[in-house]
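Inspection log for the structure reproduced underneath, given as C-alpha cells.
The values are calculated or read from the model by the stated rules, or taken from the named source; none is laboratory data. Only a predicted model underlies this, so the values are computations on that prediction, with no experimental measurement involved. Positions of Cβ are generated from backbone atoms using ideal geometry, with glycine treated the same way; all protein chains shown enter the neighbour counts.
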C-alpha cells in the first residue's frame, strides 16, 4: 500500500500554475539552507494559526483582516516550499513527507476555518459545514492516491493557491466594504455566510459524485474490464 506513496505522481493543473510554478522554482534556489522542509512545514502551520487568531480578533477591529491575509501568505510560503525544497535538494522522504504534510494541512484548514467562524463576518455552523465538506474531499483524495498512485490537488483549475488568493481578496473586500447582509426567512446573513454554505454544498456534492464515479471505475478494474 505504501509503495504508491513513494512513487505517486502529483497532478497540479490550476489557473495560477503559470505564475506559481516559476516563482516556487526560483524561491527553492534562494531560501537559506536552514529553511529545511520540516521548518517550512511548521511555518505553514504557524501561518494558518496567525490567520485563525487574526480572524477571531477581527471581532474587535477589522484591521486584523490584514494580519489574517499575511498569515495566508506565510501558510502558502511554508506549504508550497516544503516538498519542493526537499525535491530540489534531493532529500525527499516520500512516506514521512506525505504523512506529515497532509496531516498538518488538515490542521491548518481547521485553524483557519474556526477562526473565520469566530469572526463577526460568518456563522460558525456554516463554516463548520464547509470544513466538513473540505475534509471529506481531502479524505477522498488521499484514499484515491493510495489506490491509483496519482495525487491530484486541483479540481477544474482550482487548487489551494487559488483558494488562498480568493480568501485574501475576500478579506480586502470585507475590510473596505463590509460583509454585507442578506435578509432571508426573517434572519440576516452575511455574504461570507452564503459563500460558506455554497462551498459546503459544493464540496459535499463533489465528494458524493466523485465517490460514485470513481467507485464504479474501480469496480470495473476489479472485474478486469479496464485499467485505472
**Prompt:** When residue 189 is evaluated against the numbered criteria (1) more than 20 Å from residue 17 (Cβ to Cβ); (2) touching a helix residue (DSSP H, G or I) at 6+ places or on another chain (Cβ under 7 Å); (3) surrounded by 17 or more Cβ atoms within 10 Å (Cβ to Cβ), which criterion, by number, is the only one it fails?
**Reply:** (2)
**Asked** Restricting attention to segment 18-58, and to residues there that are assigned to a loop (DSSP other than H, G, I, E, B) and touching a helix residue (DSSP H, G or I) at 6+ places or on another chain (Cβ under 7 Å), which single residue is surrounded by the most Cβ atoms within 10 Å (Cβ to Cβ)?
**Response** 58
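Under 23 Å from residue 69 (Cβ atoms), touching a strand residue (DSSP E or B) at 6+ places or on another chain (Cβ under 7 Å) and surrounded by 15 or more Cβ atoms within 10 Å (Cβ to Cβ), is that true of residue 194? Lay out the reasoning, then the answer.
Working: under 23 Å from residue 69 (Cβ atoms): yes; touching a strand residue (DSSP E or B) at 6+ places or on another chain (Cβ under 7 Å): yes; surrounded by 15 or more Cβ atoms within 10 Å (Cβ to Cβ): yes.
Spelling it out, residue 194 is indeed under 23 Å from residue 69 (Cβ atoms), touching a strand residue (DSSP E or B) at 6+ places or on another chain (Cβ under 7 Å) and surrounded by 15 or more Cβ atoms within 10 Å (Cβ to Cβ).
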**Prompt:** Taking the condition buried (at least 16 other Cβ atoms within 10 Å of the Cβ), modelled with pLDDT under 90 and under 14 Å from the mean Cα position of the chain (by Cα), does residue 154 pass?
**Reply:** yes
**Asked** So which of 111, 129, 81 ends up being under 16 Å from the mean Cα position of the chain (by Cα), over 24 Å from residue 198 (Cα atoms) and surrounded by 18 or more Cβ atoms within 10 Å (Cβ to Cβ)?
**Response** 81
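Looking at 143, 139, which is the one that is surrounded by fewer than 14 Cβ atoms within 10 Å (Cβ to Cβ) and closer than 16 Å to residue 109 by Cα?
Step by step, each of 143, 139 is checked, and only 139 is surrounded by fewer than 14 Cβ atoms within 10 Å (Cβ to Cβ) and closer than 16 Å to residue 109 by Cα.
Could you go through segment 95-104 and let me know if any residue there is over 22 Å from residue 26 (Cα atoms), surrounded by 15 or more Cβ atoms within 10 Å (Cβ to Cβ), under 12 Å from the mean Cα position of the chain (by Cα) and free of Cβ contacts under 8 Å to residues at least 60 places away in the same chain. Spell out how you get there, then give the answer.
Here is the first cut: in segment 95-104, the ones over 22 Å from residue 26 (Cα atoms) are 95-96, 98-100, 102-104.
Next cut, surrounded by 15 or more Cβ atoms within 10 Å (Cβ to Cβ) only: 98, 100, 102, 104.
From the residues that got through so far, the ones that are under 12 Å from the mean Cα position of the chain (by Cα) too are 102, 104.
This time we only want the ones that are free of Cβ contacts under 8 Å to residues at least 60 places away in the same chain, so: 102.
There is at least one residue in segment 95-104 that is over 22 Å from residue 26 (Cα atoms), surrounded by 15 or more Cβ atoms within 10 Å (Cβ to Cβ), under 12 Å from the mean Cα position of the chain (by Cα) and free of Cβ contacts under 8 Å to residues at least 60 places away in the same chain.
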**Prompt:** Exactly one of (1) surrounded by 15 or more Cβ atoms within 10 Å (Cβ to Cβ); (2) over 24 Å from residue 80 (Cβ atoms); (3) out of contact with any helix residue (DSSP H, G or I) (no Cβ under 9 Å at 6 or more places or on another chain) is unmet by residue 183. Its number?
**Reply:** (1)
